[in-house]
1. Can you run phi through the Karplus equation (6.51, -1.76, 1.60; θ = phi - 60°) for the range 105-114 and list ³J(HN,Hα) in whole Hz, with x for Gly and Pro?
2. Using amide H atoms built 1.01 Å from N in the peptide plane, name the residues 5+ places from Val146, or on other chains, whose amide H lies under 5 Å from its own.
3. Taking amide H positions as placed in the peptide plane 1.01 Å from N, state which residues far from Asp130 in sequence (5 or more) or on other chains have amide H under 5 Å from it.
4. Based on the alpha carbon coordinates of the chain, what radius of gyration and maximum Cα-Cα distance (Dmax) apply, in Å?
5. Taking the square root of 5 times each eigenvalue of the Cα gyration tensor, what semi-axes in Å does the equivalent ellipsoid of the range 90-150 have, largest first?
6. Quick check: residue separation of Met138 and Ala36 times 0.36 nm, minus the Cα distance between them. What number comes out in nm?
7. Please give every one of the lysines within straight-line cross-link reach of Lys95, meaning a C-alpha to C-alpha distance under 26 Å, and leave out same-chain neighbours fewer than 8 residues apart.
8. Each residue of the range 141-152 in turn: what ³J(HN,Hα) in whole Hz from Karplus with 6.51, -1.76, 1.60 and θ = phi - 60°, glycine and Pro shown as x?
Amino acid sequence: MAKSQDSFNKKEKEKKRRKKNQEKLERREQRKIQKAEGGVKTFEDMISYVDENGHFSSTPPDPSKKKVIKAEDIVLGVPTRDDTFVEPIRQGQVKFFNDEKGYGFIIDAETKESVFVHINNVADALRENDRVTFEVEMGPRGLNAVNVKLAR
């Protein structure tokens, strides 16, 4: 007597295929029923609106809350730079400095942000918790302190 050529895996795949086809037929029948009942959405039913807070809504927004924006006020691209005066010389405190590796970090007294400092940009010997004055320039990885001097 010969064995059946169907393996367990083949039987499982066939079951899944039949189940998928059955579900597809059921969905088709559901759509037919909805169409017969008038459940098809119109274009007006499909429209959604966005309110002033950016939330989707099925009702149109209130015209009294409408804001008028002038085309001249819209800035495309990079906004123009303000000519506000920035103090070129800043003050801060050395948070960390390693003489062997030649770098450290300074905490800016005004903005409280950490600024990288390299030993090549230091005029005096630095230790942790020293008060310093420095200038800031943009480096490849962020702000760098230059012209670092001990505060007198």
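1. Here the 3J(HN,Hα) series is 9, 10, 8, 5, 5, 7, 8, 6, 9, 8 Hz.
2. Glu135, Val136, Glu137
3. Val94
4. Every Cα atom of the chain included, Rg and Dmax give 34.9, 104 Å.
5. Three semi-axes, in Å: 15, 13, 10.
6. Value of the extension gain: 29.9 nm.
7. Lys112, Lys149
8. Values per residue, Gly and Pro as x: 10, x, 6, 10, 8, 10, 6, 7, 9, 5, 6, 8 Hz.
Quick note: the coordinates plus some simple rules give every number you see, no bench work behind them. Predicted model only: the values in this text are computed from it and were never measured. Because the Cβ atoms are built from the backbone with ideal geometry, glycine has one as well, and the counts that use them run over all protein chains shown.
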